[in-house]
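Below is one structure, written out as C-alpha coordinates; comments come after it.
The values are calculated or read from the model by the stated rules, or taken from the named source; none is laboratory data. Because the structure is predicted, anything quoted here is derived from the model rather than measured. Cβ placement follows ideal geometry from the backbone for every residue including glycine, while neighbour counts extend to all protein chains displayed.
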Amino acid sequence: MMTKAAAVAVVLVMAAAMAAEAMGGELKVGYYEKSCKGVENVVKYHVAKAIKANRKNGAALVRLIFHDCFVRGCDASVLLDPTPENPSTEKTAPINIGLAAFELIDEIKAAVEERCPGTVSCSDILIYAAHDASSLLSNGHVTFPVLAGRLDGVHSHAAEAQQDLPDSTFTIAQLIHNFARKNFTVEELVILSGAHAVGVGHCSSLRARLTAPPTQILPAYRGLLARKCAAGPDPLVPNNIRDEDKAAVAAAIPGFVPKLRKVNDFLDNSYYHNNLARIVTFNSDWELLTEKEALGHVKEYAENGTLWDEDFSDSLVKLSKLPMPHGSQGEIRKQCRYVNHH
Ligand code: HEM
(Lines give C-alpha, C1' and ligand atoms only; values in the text may rest on other atoms or scores of the structure.)
Protein backbone atom coordinates (compact mmCIF):
# COMPACT_ATOMS: atom_id res chain seq x y z
CA MET A 1 0.00 0.00 0.00
CA MET A 2 1.19 3.52 -0.75
CA THR A 3 2.25 5.65 2.20
CA LYS A 4 0.36 8.89 2.76
CA ALA A 5 3.41 10.91 1.72
CA ALA A 6 3.73 8.91 -1.51
CA ALA A 7 0.03 9.37 -2.26
CA VAL A 8 0.33 13.11 -1.73
CA ALA A 9 3.36 13.16 -4.02
CA VAL A 10 1.45 11.28 -6.74
CA VAL A 11 -1.46 13.70 -6.49
CA LEU A 12 0.91 16.67 -6.69
CA VAL A 13 2.69 15.26 -9.73
CA MET A 14 -0.65 14.59 -11.43
CA ALA A 15 -1.91 18.10 -10.64
CA ALA A 16 1.31 19.62 -11.98
CA ALA A 17 1.05 17.51 -15.12
CA MET A 18 -2.56 18.61 -15.66
CA ALA A 19 -1.62 22.24 -15.17
CA ALA A 20 1.36 21.87 -17.50
CA GLU A 21 -0.84 20.24 -20.10
CA ALA A 22 -3.40 23.00 -19.80
CA MET A 23 -0.87 25.81 -19.99
CA GLY A 24 1.81 24.26 -22.13
CA GLY A 25 -0.19 24.63 -25.31
CA GLU A 26 -1.26 21.00 -25.43
CA LEU A 27 -4.81 21.79 -26.24
CA LYS A 28 -6.84 19.13 -27.94
CA VAL A 29 -10.11 18.49 -29.67
CA GLY A 30 -12.48 16.48 -27.46
CA TYR A 31 -10.57 17.40 -24.30
CA TYR A 32 -13.69 16.84 -22.15
CA GLU A 33 -14.73 13.58 -23.80
CA LYS A 34 -14.23 11.60 -20.60
CA SER A 35 -14.60 14.29 -17.92
CA CYS A 36 -17.66 16.11 -19.29
CA LYS A 37 -19.09 14.29 -22.25
CA GLY A 38 -21.43 16.41 -24.33
CA VAL A 39 -20.24 19.77 -22.99
CA GLU A 40 -20.00 21.07 -26.55
CA ASN A 41 -23.72 20.41 -27.03
CA VAL A 42 -24.63 22.17 -23.82
CA VAL A 43 -22.76 25.29 -24.97
CA LYS A 44 -24.25 25.07 -28.45
CA TYR A 45 -27.80 24.79 -27.09
CA HIS A 46 -27.46 28.02 -25.10
CA VAL A 47 -25.68 29.93 -27.87
CA ALA A 48 -28.28 28.89 -30.43
CA LYS A 49 -31.09 29.94 -28.10
CA ALA A 50 -29.47 33.34 -27.47
CA ILE A 51 -28.85 33.95 -31.17
CA LYS A 52 -32.41 32.99 -32.02
CA ALA A 53 -33.57 35.59 -29.51
CA ASN A 54 -31.15 38.22 -30.81
CA ARG A 55 -28.35 37.76 -33.34
CA LYS A 56 -26.40 40.56 -31.65
CA ASN A 57 -25.54 38.01 -28.96
CA GLY A 58 -23.58 36.11 -31.59
CA ALA A 59 -21.62 39.20 -32.62
CA ALA A 60 -20.77 39.88 -28.99
CA LEU A 61 -19.28 36.38 -28.65
CA VAL A 62 -17.20 36.78 -31.81
CA ARG A 63 -15.73 39.97 -30.36
CA LEU A 64 -15.14 38.36 -26.97
CA ILE A 65 -12.76 35.70 -28.31
CA PHE A 66 -10.56 38.47 -29.74
CA HIS A 67 -10.65 40.63 -26.65
CA ASP A 68 -9.93 37.70 -24.36
CA CYS A 69 -7.17 36.02 -26.35
CA PHE A 70 -5.21 39.17 -27.30
CA VAL A 71 -4.76 40.05 -23.62
CA ARG A 72 -2.87 37.48 -21.48
CA GLY A 73 -3.89 34.74 -23.94
CA CYS A 74 -7.21 32.89 -23.90
CA ASP A 75 -7.66 32.75 -20.14
CA ALA A 76 -11.09 34.32 -19.62
CA SER A 77 -9.42 37.32 -17.96
CA VAL A 78 -11.87 39.50 -19.87
CA LEU A 79 -14.76 37.95 -17.94
CA LEU A 80 -13.57 38.99 -14.47
CA ASP A 81 -15.69 41.58 -12.71
CA PRO A 82 -14.08 44.41 -10.77
CA THR A 83 -13.82 43.72 -7.02
CA PRO A 84 -12.61 45.84 -4.08
CA GLU A 85 -9.24 44.02 -4.33
CA ASN A 86 -9.03 44.53 -8.09
CA PRO A 87 -11.29 47.42 -9.16
CA SER A 88 -9.77 47.79 -12.65
CA THR A 89 -10.24 44.49 -14.45
CA GLU A 90 -9.98 44.31 -18.24
CA LYS A 91 -13.70 44.83 -18.81
CA THR A 92 -13.46 48.30 -17.23
CA ALA A 93 -10.95 49.47 -19.87
CA PRO A 94 -12.25 52.11 -22.34
CA ILE A 95 -11.04 49.92 -25.23
CA ASN A 96 -13.55 47.29 -24.10
CA ILE A 97 -16.50 49.62 -24.63
CA GLY A 98 -19.60 47.72 -25.65
CA LEU A 99 -18.29 44.27 -24.76
CA ALA A 100 -21.31 42.08 -24.09
CA ALA A 101 -22.67 38.53 -23.65
CA PHE A 102 -21.35 38.21 -20.10
CA GLU A 103 -24.77 37.07 -18.85
CA LEU A 104 -24.91 34.50 -21.62
CA ILE A 105 -21.52 33.10 -20.56
CA ASP A 106 -22.81 32.98 -16.95
CA GLU A 107 -25.86 31.05 -18.12
CA ILE A 108 -23.72 28.55 -20.03
CA LYS A 109 -21.28 28.14 -17.17
CA ALA A 110 -24.13 27.45 -14.73
CA ALA A 111 -25.52 24.76 -17.01
CA VAL A 112 -22.08 23.19 -17.47
CA GLU A 113 -21.37 23.29 -13.70
CA GLU A 114 -24.63 21.49 -13.04
CA ARG A 115 -23.58 18.72 -15.37
CA CYS A 116 -19.87 18.48 -14.45
CA PRO A 117 -18.94 20.58 -11.41
CA GLY A 118 -15.46 22.12 -11.36
CA THR A 119 -14.41 20.56 -14.67
CA VAL A 120 -14.75 22.94 -17.61
CA SER A 121 -12.86 26.23 -17.68
CA CYS A 122 -14.52 29.53 -18.53
CA SER A 123 -11.83 30.09 -21.16
CA ASP A 124 -12.82 26.88 -22.96
CA ILE A 125 -16.51 27.77 -22.68
CA LEU A 126 -15.75 31.14 -24.27
CA ILE A 127 -13.98 29.52 -27.23
CA TYR A 128 -16.73 26.92 -27.72
CA ALA A 129 -19.31 29.72 -27.60
CA ALA A 130 -17.40 31.94 -30.06
CA HIS A 131 -17.09 28.99 -32.41
CA ASP A 132 -20.80 28.25 -32.24
CA ALA A 133 -21.67 31.92 -32.72
CA SER A 134 -19.49 32.32 -35.81
CA SER A 135 -20.83 29.07 -37.19
CA LEU A 136 -24.47 30.01 -36.61
CA LEU A 137 -24.08 33.58 -37.90
CA SER A 138 -22.46 32.25 -41.08
CA ASN A 139 -24.96 29.41 -41.68
CA GLY A 140 -22.22 26.91 -40.94
CA HIS A 141 -19.66 28.32 -43.38
CA VAL A 142 -17.27 29.37 -40.62
CA THR A 143 -16.40 26.33 -38.55
CA PHE A 144 -13.35 24.71 -37.05
CA PRO A 145 -12.38 21.91 -34.68
CA VAL A 146 -12.38 23.50 -31.24
CA LEU A 147 -9.31 22.87 -29.14
CA ALA A 148 -9.81 22.78 -25.38
CA GLY A 149 -7.87 22.23 -22.17
CA ARG A 150 -7.23 25.83 -21.11
CA LEU A 151 -7.17 27.05 -17.56
CA ASP A 152 -8.68 30.31 -16.33
CA GLY A 153 -6.28 33.05 -15.37
CA VAL A 154 -6.25 34.82 -12.04
CA HIS A 155 -5.09 38.23 -13.28
CA SER A 156 -6.99 40.89 -15.18
CA HIS A 157 -5.86 44.48 -15.61
CA ALA A 158 -7.51 47.27 -17.59
CA ALA A 159 -4.09 48.73 -18.41
CA GLU A 160 -3.07 45.51 -20.19
CA ALA A 161 -6.25 45.49 -22.28
CA GLN A 162 -5.62 49.11 -23.15
CA GLN A 163 -2.08 48.29 -24.21
CA ASP A 164 -2.70 45.08 -26.14
CA LEU A 165 -5.93 45.73 -28.03
CA PRO A 166 -6.06 47.88 -31.18
CA ASP A 167 -7.97 51.16 -31.17
CA SER A 168 -10.42 52.14 -33.88
CA THR A 169 -8.37 55.30 -34.57
CA PHE A 170 -5.19 53.33 -35.32
CA THR A 171 -3.28 53.85 -38.55
CA ILE A 172 -2.33 50.86 -40.70
CA ALA A 173 1.22 50.95 -39.27
CA GLN A 174 -0.15 50.79 -35.73
CA LEU A 175 -2.54 47.98 -36.64
CA ILE A 176 0.21 45.93 -38.27
CA HIS A 177 2.47 46.50 -35.27
CA ASN A 178 -0.31 45.58 -32.84
CA PHE A 179 -1.00 42.29 -34.62
CA ALA A 180 2.70 41.51 -35.12
CA ARG A 181 3.20 41.73 -31.33
CA LYS A 182 0.95 38.67 -31.06
CA ASN A 183 2.60 37.01 -34.06
CA PHE A 184 -0.26 37.74 -36.46
CA THR A 185 0.49 38.71 -40.07
CA VAL A 186 -0.90 41.51 -42.22
CA GLU A 187 -3.02 38.91 -43.98
CA GLU A 188 -4.46 37.73 -40.66
CA LEU A 189 -5.16 41.34 -39.68
CA VAL A 190 -7.23 41.66 -42.84
CA ILE A 191 -8.91 38.28 -42.36
CA LEU A 192 -9.89 38.90 -38.75
CA SER A 193 -11.10 42.45 -39.42
CA GLY A 194 -13.80 40.80 -41.55
CA ALA A 195 -15.59 40.07 -38.27
CA HIS A 196 -16.89 43.63 -38.58
CA ALA A 197 -19.46 42.22 -40.98
CA VAL A 198 -21.56 41.76 -37.84
CA GLY A 199 -22.44 43.65 -34.69
CA VAL A 200 -22.54 47.25 -33.69
CA GLY A 201 -20.30 50.09 -32.57
CA HIS A 202 -20.77 53.21 -30.51
CA CYS A 203 -20.64 56.55 -32.29
CA SER A 204 -17.77 57.50 -29.98
CA SER A 205 -15.75 54.74 -31.68
CA LEU A 206 -16.23 56.27 -35.12
CA ARG A 207 -16.28 59.99 -34.32
CA ALA A 208 -13.32 60.73 -36.62
CA ARG A 209 -15.18 59.18 -39.56
CA LEU A 210 -17.85 61.87 -39.39
CA THR A 211 -15.34 64.44 -40.61
CA ALA A 212 -13.19 62.20 -42.82
CA PRO A 213 -12.75 63.31 -46.46
CA PRO A 214 -14.58 61.62 -49.37
CA THR A 215 -11.43 59.69 -50.28
CA GLN A 216 -11.87 57.82 -46.99
CA ILE A 217 -15.62 57.51 -46.61
CA LEU A 218 -18.52 57.67 -49.06
CA PRO A 219 -20.04 61.08 -48.31
CA ALA A 220 -23.59 59.69 -48.40
CA TYR A 221 -22.63 57.07 -45.81
CA ARG A 222 -20.88 59.70 -43.72
CA GLY A 223 -24.12 61.70 -43.79
CA LEU A 224 -26.09 58.64 -42.71
CA LEU A 225 -23.72 58.03 -39.78
CA ALA A 226 -23.80 61.71 -38.81
CA ARG A 227 -27.60 61.67 -38.68
CA LYS A 228 -27.63 58.50 -36.59
CA CYS A 229 -24.97 59.81 -34.24
CA ALA A 230 -26.85 63.06 -33.67
CA ALA A 231 -29.72 61.05 -32.19
CA GLY A 232 -28.31 60.73 -28.68
CA PRO A 233 -25.24 61.02 -26.45
CA ASP A 234 -23.50 57.92 -27.86
CA PRO A 235 -25.85 55.78 -29.96
CA LEU A 236 -25.04 52.42 -31.48
CA VAL A 237 -24.83 51.94 -35.24
CA PRO A 238 -24.59 48.67 -37.14
CA ASN A 239 -21.05 47.79 -38.28
CA ASN A 240 -22.46 46.60 -41.58
CA ILE A 241 -24.55 48.95 -43.72
CA ARG A 242 -26.56 45.91 -44.77
CA ASP A 243 -28.00 45.90 -41.24
CA GLU A 244 -29.06 49.56 -41.36
CA ASP A 245 -32.74 50.39 -41.36
CA LYS A 246 -34.21 50.60 -44.82
CA ALA A 247 -35.50 54.15 -44.56
CA ALA A 248 -32.08 55.53 -43.59
CA VAL A 249 -30.38 53.74 -46.47
CA ALA A 250 -33.11 54.69 -48.95
CA ALA A 251 -32.63 58.35 -48.03
CA ALA A 252 -28.81 58.30 -48.11
CA ILE A 253 -27.76 55.64 -50.64
CA PRO A 254 -30.82 54.45 -52.59
CA GLY A 255 -28.65 52.21 -54.79
CA PHE A 256 -27.82 50.11 -51.77
CA VAL A 257 -31.39 49.23 -50.81
CA PRO A 258 -31.52 45.98 -52.85
CA LYS A 259 -28.43 44.77 -50.97
CA LEU A 260 -30.05 45.04 -47.54
CA ARG A 261 -30.65 41.62 -46.03
CA LYS A 262 -33.65 40.15 -44.30
CA VAL A 263 -31.44 38.38 -41.79
CA ASN A 264 -29.22 40.80 -39.93
CA ASP A 265 -25.72 40.09 -38.61
CA PHE A 266 -24.81 37.55 -41.24
CA LEU A 267 -21.13 36.65 -41.04
CA ASP A 268 -19.64 36.63 -44.52
CA ASN A 269 -17.19 38.56 -46.71
CA SER A 270 -19.48 41.57 -47.19
CA TYR A 271 -17.08 43.61 -45.04
CA TYR A 272 -14.58 43.61 -47.90
CA HIS A 273 -17.12 44.77 -50.48
CA ASN A 274 -18.25 47.52 -48.14
CA ASN A 275 -14.67 48.49 -47.42
CA LEU A 276 -13.76 48.87 -51.11
CA ALA A 277 -16.88 51.04 -51.48
CA ARG A 278 -15.70 53.20 -48.51
CA ILE A 279 -18.75 52.15 -46.48
CA VAL A 280 -17.23 50.93 -43.22
CA THR A 281 -17.57 52.37 -39.76
CA PHE A 282 -14.11 52.52 -38.18
CA ASN A 283 -10.98 54.34 -39.27
CA SER A 284 -9.08 51.10 -38.64
CA ASP A 285 -11.27 49.38 -41.26
CA TRP A 286 -10.60 52.00 -43.90
CA GLU A 287 -6.86 51.99 -43.10
CA LEU A 288 -6.62 48.48 -44.59
CA LEU A 289 -6.95 50.09 -48.03
CA THR A 290 -3.88 52.26 -47.50
CA GLU A 291 -1.17 49.58 -47.56
CA LYS A 292 -0.35 47.50 -50.60
CA GLU A 293 -0.39 44.02 -49.07
CA ALA A 294 -3.45 44.67 -46.92
CA LEU A 295 -5.34 46.16 -49.88
CA GLY A 296 -4.46 43.10 -51.96
CA HIS A 297 -6.03 40.86 -49.34
CA VAL A 298 -9.12 43.06 -49.04
CA LYS A 299 -9.64 42.61 -52.79
CA GLU A 300 -8.89 38.89 -52.59
CA TYR A 301 -11.51 38.30 -49.88
CA ALA A 302 -14.07 40.53 -51.60
CA GLU A 303 -13.75 38.24 -54.61
CA ASN A 304 -13.68 34.94 -52.79
CA GLY A 305 -16.14 34.48 -49.96
CA THR A 306 -15.42 30.77 -49.55
CA LEU A 307 -11.73 31.46 -49.09
CA TRP A 308 -12.56 34.01 -46.41
CA ASP A 309 -14.81 31.55 -44.56
CA GLU A 310 -11.92 29.07 -44.46
CA ASP A 311 -9.19 31.55 -43.61
CA PHE A 312 -11.32 33.24 -40.96
CA SER A 313 -11.92 29.83 -39.37
CA ASP A 314 -8.16 29.13 -39.38
CA SER A 315 -7.39 32.54 -37.90
CA LEU A 316 -9.89 31.96 -35.08
CA VAL A 317 -8.11 28.68 -34.30
CA LYS A 318 -4.79 30.55 -34.18
CA LEU A 319 -6.37 33.17 -31.92
CA SER A 320 -7.71 30.43 -29.65
CA LYS A 321 -4.20 29.06 -29.17
CA LEU A 322 -2.71 32.24 -27.70
CA PRO A 323 -1.29 31.08 -24.36
CA MET A 324 -1.23 32.72 -20.96
CA PRO A 325 2.04 34.47 -20.06
CA HIS A 326 4.76 31.93 -19.33
CA GLY A 327 4.59 30.57 -15.78
CA SER A 328 1.06 31.87 -15.11
CA GLN A 329 -1.14 30.26 -12.51
CA GLY A 330 -4.42 28.82 -13.69
CA GLU A 331 -7.57 27.30 -12.27
CA ILE A 332 -11.04 26.14 -13.25
CA ARG A 333 -13.18 29.01 -12.06
CA LYS A 334 -16.43 28.23 -10.29
CA GLN A 335 -17.97 31.44 -11.58
CA CYS A 336 -16.63 33.13 -14.69
CA ARG A 337 -16.82 36.60 -13.14
CA TYR A 338 -14.61 35.83 -10.14
CA VAL A 339 -11.38 34.01 -9.40
CA ASN A 340 -11.88 31.17 -6.90
CA HIS A 341 -11.36 32.18 -3.24
CA HIS A 342 -11.74 35.88 -4.02
C1 HEM B 1 -8.20 45.12 -36.28
C2 HEM B 1 -8.41 45.84 -35.24
C3 HEM B 1 -9.76 46.03 -34.61
C4 HEM B 1 -10.26 47.20 -34.15
C5 HEM B 1 -9.55 48.53 -34.14
C6 HEM B 1 -11.59 46.95 -33.67
C7 HEM B 1 -12.43 47.89 -33.11
C8 HEM B 1 -13.73 47.67 -32.78
C9 HEM B 1 -14.61 48.67 -32.22
C10 HEM B 1 -14.21 50.11 -31.90
C11 HEM B 1 -15.84 48.11 -32.07
C12 HEM B 1 -17.09 48.78 -31.54
C13 HEM B 1 -17.02 48.94 -30.04
C14 HEM B 1 -18.12 49.86 -29.55
O15 HEM B 1 -18.02 51.04 -29.83
O16 HEM B 1 -19.07 49.37 -28.90
C17 HEM B 1 -15.75 46.75 -32.54
C18 HEM B 1 -16.80 45.88 -32.59
C19 HEM B 1 -16.67 44.57 -32.96
N20 HEM B 1 -15.50 43.92 -33.26
FE21 HEM B 1 -13.70 44.77 -33.59
N22 HEM B 1 -11.88 45.62 -33.85
C23 HEM B 1 -10.79 45.03 -34.42
C24 HEM B 1 -10.67 43.69 -34.71
C25 HEM B 1 -11.62 42.75 -34.45
C26 HEM B 1 -11.42 41.33 -34.51
C27 HEM B 1 -10.08 40.67 -34.80
C28 HEM B 1 -12.60 40.74 -34.22
C29 HEM B 1 -12.95 39.29 -34.12
C30 HEM B 1 -12.32 38.33 -34.73
C31 HEM B 1 -13.56 41.80 -34.01
C32 HEM B 1 -14.89 41.61 -33.79
C33 HEM B 1 -15.79 42.62 -33.52
C34 HEM B 1 -17.22 42.41 -33.44
C35 HEM B 1 -17.96 41.11 -33.72
C36 HEM B 1 -17.77 43.64 -33.07
C37 HEM B 1 -19.24 43.91 -32.80
C38 HEM B 1 -19.52 43.52 -31.35
C39 HEM B 1 -20.95 43.61 -30.94
O40 HEM B 1 -21.82 43.96 -31.72
O41 HEM B 1 -21.23 43.31 -29.74
N42 HEM B 1 -12.92 43.00 -34.11
N43 HEM B 1 -14.45 46.50 -32.95
Q. Mind checking whether some residue in the stretch 257-267 is closer than 19 Å to LYS56 by Cβ and crowded, with 20+ Cβ neighbours inside 10 Å?
A. yes
Q) Out of all the residues in the stretch 144-179, which are away from the ligand (no atom under 12 Å from the Cβ) and either exposed (fewer than 15 other Cβ atoms within 10 Å of the Cβ) or farther than 25 Å from CYS336 by Cα (or both)? A) PRO145, ALA159, GLN163, ALA173
Q.
Can you report the number of residues in the stretch 198-223 which are away from the ligand (no atom under 16 Å from the Cβ) and closer than 25 Å to ASN96 by Cα?
A. 2
(Q) Any residue that is modelled with pLDDT under 95, more than 12 Å from the chain's Cα centre (by Cα) and more than 16 Å from the ligand (Cβ to nearest atom) - is there at least one of those in the stretch 46-68? (A) no
Q) What are the pairs, 6+ residues apart or on separate chains, where a residue within the stretch 257-273 that is farther than 12 Å from GLY194 by Cβ has its Cβ under 6 Å from a residue that is outside any helix (DSSP H, G or I)? A) ASN264/ARG55; ASP265/ARG55; ASP265/VAL198
Q: With the checklist (1) in contact with a strand residue (DSSP E or B) (Cβ under 6 Å, 6 or more places away or on another chain); (2) in a helix (DSSP H, G or I) in hand, flag the one item SER284 doesn't pass.
A: (1)
Q | Those residues of the stretch 204-236 which are among the hydrophobic types (A, V, I, L, M, F, W, C) and surrounded by fewer than 21 Cβ atoms within 10 Å (Cβ to Cβ), in sequence order | A | ALA208, LEU210, ALA212, LEU218, ALA220, ALA226, CYS229, ALA230, ALA231, LEU236
Q) Scanning the stretch 147-167 for residues that are more than 15 Å from the chain's Cα centre (by Cα) and in a loop (DSSP other than H, G, I, E, B), which turns out farthest from GLU26 (Cα to Cα)? A) HIS157
Q. VAL237 is checked against (1) out of contact with any Lys or Arg (no Cβ under 8 Å at 6 or more places or on another chain); (2) among the aliphatic types (A, V, I, L, M); (3) within 19 Å of ILE97 (Cα to Cα) and fails just one. What number does that condition carry?
A. (1)
Q: May I ask you to list the residues in the stretch 80-118 that are touching a residue at least 60 places away in the same chain (Cβ under 8 Å), within 16 Å of the ligand (Cβ to nearest atom) and not in a helix (DSSP H, G or I)?
A: ALA93, ILE97, GLY98
